[in-house]
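Single-structure report; data block below.
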6 protein chains.
Amino acid sequence: MTTWFPTLITPTPEEGFDLAIKLARMAVKKTQPDETVRDILRPQYASDATELIAASHVVAVHFATIAAANGYWTANGDGRPR
Amino acid sequence: MTTWFPTLITPTPEEGFDLAIKLARMAVKKTQPDETVRDILRPQYASDATELIAASHVVAVHFATIAAANGYWTANGDGRPR
Amino acid sequence: MTTWFPTLITPTPEEGFDLAIKLARMAVKKTQPDETVRDILRPQYASDATELIAASHVVAVHFATIAAANGYWTANGDGRPR
Amino acid sequence: MTTWFPTLITPTPEEGFDLAIKLARMAVKKTQPDETVRDILRPQYASDATELIAASHVVAVHFATIAAANGYWTANGDGRPR
Amino acid sequence: MTTWFPTLITPTPEEGFDLAIKLARMAVKKTQPDETVRDILRPQYASDATELIAASHVVAVHFATIAAANGYWTANGDGRPR
Amino acid sequence: MTTWFPTLITPTPEEGFDLAIKLARMAVKKTQPDETVRDILRPQYASDATELIAASHVVAVHFATIAAANGYWTANGDGRPR
């Protein structure tokens, strides 16, 4: 069995950020499973500042979760620099 | 007695994500209990980028709660990778 | 003396979710205490997808607080499954 | 010297909720210090479902902070019921 | 060297709240560095209930961060009243 | 190999705030990779109070993550002043 989302753990902050973007998009995909509809909507919202900022907001919420899950990618896991 | 929501604990992140979607929808259902009305609204918001992003945002907030409840699905439960 | 809100502790996640809905509505009630006005507004927002999603968002924020207050309804209270 | 906001600690959840409402309003007051303008705006947003829900959202965010500050009004302060 | 933001620590909740307002405004300033444009926008959004509530929301998010940074201004720093 | 985002750790709160702005913009960039489109949108949203506040909101969410990752830039890392 495969899964699109096996873990919240990523090697680096950058990969954690990419996962946040993936999670934000996946919720859209699960609400609107029809790819044809999404293909019509994508160029619209990608050219609208309000919706780009709204999408960035969702990424920020997911990134907060992923960063906490990874102990902020620091050695001691409680947020203090090494 | 049965309950639609017995626990926040899920075996995997993916199932946690699905629970987040369920919680986001359940709040809509409890605010608008009339299924006929919801059936009219669903195709509208599922074809509107602004509302899809807004729905994705609600999923992100619930997913944060579920991920914390599951100790981020890591062994030590505090967010550090195994 | 009675209070409408004696505790954040609930026996189950489902009751915690219902409390989250109650808190979301109570803030509306305290901002617009006139029941007649609220009775006019309720059918409007309950038939508008944007506002239903916005209401669901508020429920999600309160549910996060309630879930943390209840130690996610797990035995050890720190989010790790039993 | 007096202060409008001496502490986040409240005896009960209900008083914590009232403090959350106060903080939400205080940020509006500090952004628009002119009471005359606020008196014109208040009946408008109090009769608009979108804005009532948005106001309820701000209360939810402040309530999360206040609830954490009060250890969720539980004995052990970490969110586990007594 | 000076900095506009040396620390998250404030002596009192009230000063923490003022810092939250400052951070909310600073992000606007860094996105729109032209003071002339900001001077035109300020009276507009300060007279619009939707935007005042949105601004109050941003303050609430920053205040949550600042309150946590200050241990909620309690002696033990974990949110339990003294 | 280089990365645009090697760490959440910053020496000071001010640099943490700048990183929050960078993360908010990076999510927009990854959703709309076409620089020409972004160059058209930027002056629009930078002159619109609603969008400036929305952008400030995203910065606030990222800043919360970054502040936690840095132990709020305090010695003990749990939010209590030194």
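The values are calculated or read from the model by the stated rules, or taken from the named source; none is laboratory data. Here the structure is a predicted model, which means the values were calculated and not measured. Note that each Cβ is placed from the backbone with ideal geometry, even for glycine, and that neighbours are counted across all protein chains shown.
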Notebook entry, point to check: (1) buried (at least 19 other Cβ atoms within 10 Å of the Cβ); (2) on the phi < 0 side of the Ramachandran plot: which one isn't true of residue F:39, the others all being true?
Noted result: (1)
Item checked: Sole residue being touching a Ser or Thr at 6+ places or on another chain (Cβ under 7 Å) and within 24 Å of residue F:32 (Cβ to Cβ), chosen from A:60, A:49, A:20, A:67 -> A:67
Notebook entry, point to check: For residue B:64, are the conditions met, namely being out of contact with any Phe, Trp or Tyr (no Cβ under 9 Å at 6 or more places or on another chain) and buried (at least 18 other Cβ atoms within 10 Å of the Cβ)?
Noted result: yes
Notebook entry, point to check: Which one is farthest from the chain's Cα centre (by Cα), of the residues in region E:1-57 that are of a type in the set (A, V, I, L, M) and closer than 21 Å to residue F:70 by Cα?
Noted result: E:9
Margin query: Tell me the residue from D:7, D:3 that is in contact with a helix residue (DSSP H, G or I) (Cβ under 9 Å, 6 or more places away or on another chain), more than 12 Å from chain C (Cβ to nearest Cβ), assigned to a loop (DSSP other than H, G, I, E, B) and modelled with pLDDT under 95, please.
Written below: D:3
Next item on the list: Would you confirm whether any residue within region A:5-14 is closer than 23 Å to residue F:8 by Cα and of a type in the set (A, V, I, L, M)?
Entry: yes
Margin query: Whether any residue in region C:44-53 is of a type outside the set (Ser, Thr, Tyr), more than 21 Å from residue D:14 (Cα to Cα), touching a His at 6+ places or on another chain (Cβ under 9 Å) and crowded, with 18+ Cβ neighbours inside 10 Å is what I want to check.
Written below: yes
Margin query: Can you find a residue that is over 16 Å from residue E:9 (Cα atoms), touching a residue at least 60 places away in the same chain (Cβ under 8 Å) and not polar (S, T, N, Q) anywhere in region F:22-42?
Written below: no
